Structure formats: C-alpha cells, structure tokens
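See below for the structure under consideration.
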Amino acid sequence: MIVTLIIVCEIGFWVLLAAGLAVRYLLRMPRTGAALLLCEPLLEVLLLVVTAIDLKNGADPSWKHGLAALYIGYTVGHGHRTVKWLDGHAAHRLGGAPPPPKPPRYGMARARHEGRVWLGTVVGAAVASVLLLGAMWYVDDPSRTGSLESWMSGAWRAAGIHGLIALTYAVWPKKDPGAAGKSDREPVRVDR
C-alpha cells in the first residue's frame, strides 16, 4: 500500500503542477494556479500520515517505509526548485515572459550553482533522517528497525557522493571557451 501511495503522490505532484501552471498561465488565474501549486505539499503530508498509521497498526518497518521517507525528503529538498524552474518555463512559453535564465555553465558561478543544488540534497537527507529516526523511535524495537537505519545511511551516502561531484566544479572549474581569445585590455588604435 505504501509503494502504491508513493506512486500516486508522484503522479499527483505532476498533475497538480501541470494543473497549477495551466490555470495560472492559460486561464490567466494566477491566484488559483498558485493555490493549486501550494496543494502539492499536502501529498507529502498524506504520505507521512499513511506511513505513520501503517506503522501504528503493527506493520514491520521495511524498505517501503524507508522509500517513503526518502521520497518526502527529496520533495522537501528539491521540490521548490523544480516547481520554480518549471514555472519560469511555463511563464515564458505560455505567459509571454522572457526566457528564464539558464544555470551558469562555467567557472565559480557554476560551482556555486552546483553547491546550491547539493544543499537541496543535504536538506532532503536531513528530512529523511528525521522521519526515519521518528519511525524508529515510534516502533521502539531495534530488532525491527534495521532496514530503516540502512535507508538513513543510504541517504547520507547519496548526499556525500553528490557533494563530491559538486566539489569538483569548484576544484576544477570549467573555463569559458569564448573568454580564452578575449583580452582584458582593449586593442590600441593607431590613427594614420
């Protein structure tokens, strides 16, 4: 049941997102569209409540509960950025706004961008860890909560790997190929 609910929440996320953007830009009802977009966190609350009820009713903590915690953590860490990115593209394509700025491609600006994305992963891992710790405390039987601990360590491993990848952008920043031929000084003009 938990896995089915995770799938329903994921589908619901995209349906609410599409509906909110369509109402906002196609029907020109920005407040109603924003209200639909603000309903998206209710899906995660629903998943959290159903997971807690499942545990309360005596279900053994399993990979399904760990996956639910990671899904909620990911949505908290990266959901806002995803919605903002898609909103910018919808505003451009459907609302006549200028195209949204692309992420920087070169140098330390790219490293800062990758660092901010990595912070979303850290937030996701932290939220998932809090939920998993809460579930372990709630069950209060260490012999039954081993799978939840492994999901928590998996979340932090993923955040660590993502952090190493983001760090490579700072250690070895990609150079702008267009800037290589440009000089900082203007050429000297010689009048004849």
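Data for the structure
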read-out: Tally of residues being free of Cβ contacts under 8 Å to residues at least 24 places away in the same chain, of a type outside the set (Phe, Trp, Tyr) and outside any loop (DSSP other than H, G, I, E, B) across the stretch 131-149; value: 4
read-out: 2 or more residues within 30 Å of TRP137 (Cα to Cα): qualifying helices (runs of 4 or more DSSP H) within the stretch 1-115; value: 2-21, 40-56, 63-95
read-out: ALA91 at pLDDT 90 or above, more than 30 Å from ALA179 (Cβ to Cβ) and in contact with a Pro (Cβ under 8 Å, 6 or more places away or on another chain); value: yes
read-out: Filter result (closer than 11 Å to ALA155 by Cβ and small (Gly, Ala, Ser)) within the stretch 113-134; value: GLY124, ALA125, ALA126, ALA128, SER129
read-out: Residues of the stretch 86-108 satisfying the condition of being over 20 Å from ARG24 (Cβ atoms), surrounded by 14 or more Cβ atoms within 10 Å (Cβ to Cβ) and of a type outside the set (Ser, Thr, Tyr); value: PRO104, GLY107
read-out: Selection count where residues are in contact with a Phe, Trp or Tyr (Cβ under 9 Å, 6 or more places away or on another chain) and either more than 15 Å from GLY73 (Cα to Cα) or open to solvent by 80 Å² or more (accessible area, probe 1.4 Å) (or both), scope the stretch 4-58; value: 4
read-out: Single residue of the stretch 54-94 satisfying the filter (farther than 18 Å from SER147 by Cα and aliphatic (A, V, I, L, M)) that is nearest to the chain's Cα centre (by Cα); value: VAL76
read-out: Checklist (1) touching a helix residue (DSSP H, G or I) at 6+ places or on another chain (Cβ under 8 Å); (2) open to solvent by 40 Å² or more (accessible area, probe 1.4 Å) applied to SER143, failing item; value: (1)
read-out: Residue pairs meeting the criteria (Cβ under 7 Å; at least 6 apart or on separate chains; first surrounded by 23 or more Cβ atoms within 10 Å (Cβ to Cβ), in the stretch 61-75; second charged (D, E, K, R) and at pLDDT below 95); value: PRO61/ARG144; ILE72/GLU44
read-out: Condition broken by GLY95, with the remaining ones in (1) without any contact (Cβ under 8 Å) to a residue 40 or more places away in the chain; (2) touching a helix residue (DSSP H, G or I) at 6+ places or on another chain (Cβ under 7 Å); (3) among the small types (Gly, Ala, Ser) satisfied; value: (1)
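The values are calculated or read from the model by the stated rules, or taken from the named source; none is laboratory data. Keep in mind that this is a model prediction, so the values were computed, not measured. Neighbour counts run over all protein chains shown; Cβ positions are idealised from the backbone, glycine included. Please note that ligands, DNA and RNA were not included when accessible areas were found on the heavy atoms of the full protein model with its side chains. Shrake-Rupley method; radii C 1.70, N 1.55, O 1.52, S 1.80 Å.
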